[in-house]
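Please read the structure below before turning to the comments.
The values are calculated or read from the model by the stated rules, or taken from the named source; none is laboratory data. Worth saying up front: this structure is predicted, and the values here are computed from it rather than measured. We place every Cβ from the backbone using ideal geometry, glycine too, and count neighbours over all the protein chains shown. Note: areas computed on protein heavy atoms with side chains; ligands, DNA, RNA excluded. Shrake-Rupley method; radii C 1.70, N 1.55, O 1.52, S 1.80 Å.
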Amino acid sequence: MARILFVYGTTDGHTRKICGTMQTRLNDIGDEAELVAVEDVDSVDLDAFDKLVVGASIRYGKHSKAIRAFVTDRKDQLDAKPNAFFTVNVTARKPEKNTPETNPYIGKFLEQVPWRPAKIGVFAGVINYPSYGFFDRTMIRFIMWMTKGPTDPHTHVEFTDWAKVDDFANEIHAMTTNGGVAA
């Protein structure tokens, strides 16, 4: 049994939902997974966990400053344990942009921080126009129009591949102390 901490940054709650799904999966297979918002991470002892996972949403092409600061400030603690990073973005709804190698936000993120996660994942997010304020709804509709996504202001669509989320949780479970996967 491993103790696993998920540190997440979310804009509208979907990254937290993905972390919660992985938490349930990991707890079901014998690990002890916990979640903490990046804003509350200072209240948690990272050294008390065996593995660390960071999940971050994208808004307007960027991960939050809090996530970037966390992985920069805590790089040594992250590197000392098996670790993983995943990003959640609507761009990943497209098959040609839903892997760490093809998603444009992974490369940008890794250019901005000194940390090199041992495992990286990419998950498609959600569009929920009714929950957005006027500005966000307008901007996101424009972005979706440009990228041939849904633009109806009443749309609420979840693009997340939940089987892929479960697979990533299984990979986290299998990570060993050297960041590799158990044989």
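Points to keep in mind about this one:
- Read-out volume of the Cα convex hull per residue in Å³, derived from the coordinates shown; its label in (1) 165; (2) 116; (3) 103: (2)
- With the simple spin-label model, which puts each label point 7 Å out from Cα in the Cβ direction, the ASN170 to GLN77 separation comes to 3.1 nm.
- For segment 45-112, the relative contact order works out to 35 percent when only alpha carbon pairs closer than 8 Å and six or more residues apart are counted.
- Full-stretch length increase - ARG137, ASP152 - with 0.36 nm per residue and alpha-carbon distance subtracted: 4.4 nm
- Carbon and sulfur %, accessible surface of segment 65-156 computed with the full protein complex present, 1.4 Å: 56
- Debye, to nearest 20: dipole size of the chain, +1 on Lys, Arg Cβ, -1 on Asp, Glu Cβ: 780
- Helix 134-146 and the long axis of the chain differ in direction by around 90°, with both axes built from C-alpha atoms.
- Residue-by-residue Karplus 3J(HN,Hα) for segment 155-168, coefficients 6.51, -1.76, 1.60, Hz, glycine and proline x: 5, 9, 10, 9, 8, 4, 8, 5, 5, 5, 5, 4, 4, 5
- Candidate cross-link partners of LYS148 among the aspartates and glutamates, defined by an alpha-carbon separation under 17 Å and a same-chain spacing of 8 or more, comprise GLU96, GLU158.
- Taken per residue, the accessible surface of the chain reaches 49 Å², heavy atoms only and a 1.4 Å probe.
- The chain, relative contact order [Cα under 8 Å, separation at least 6], %: 22
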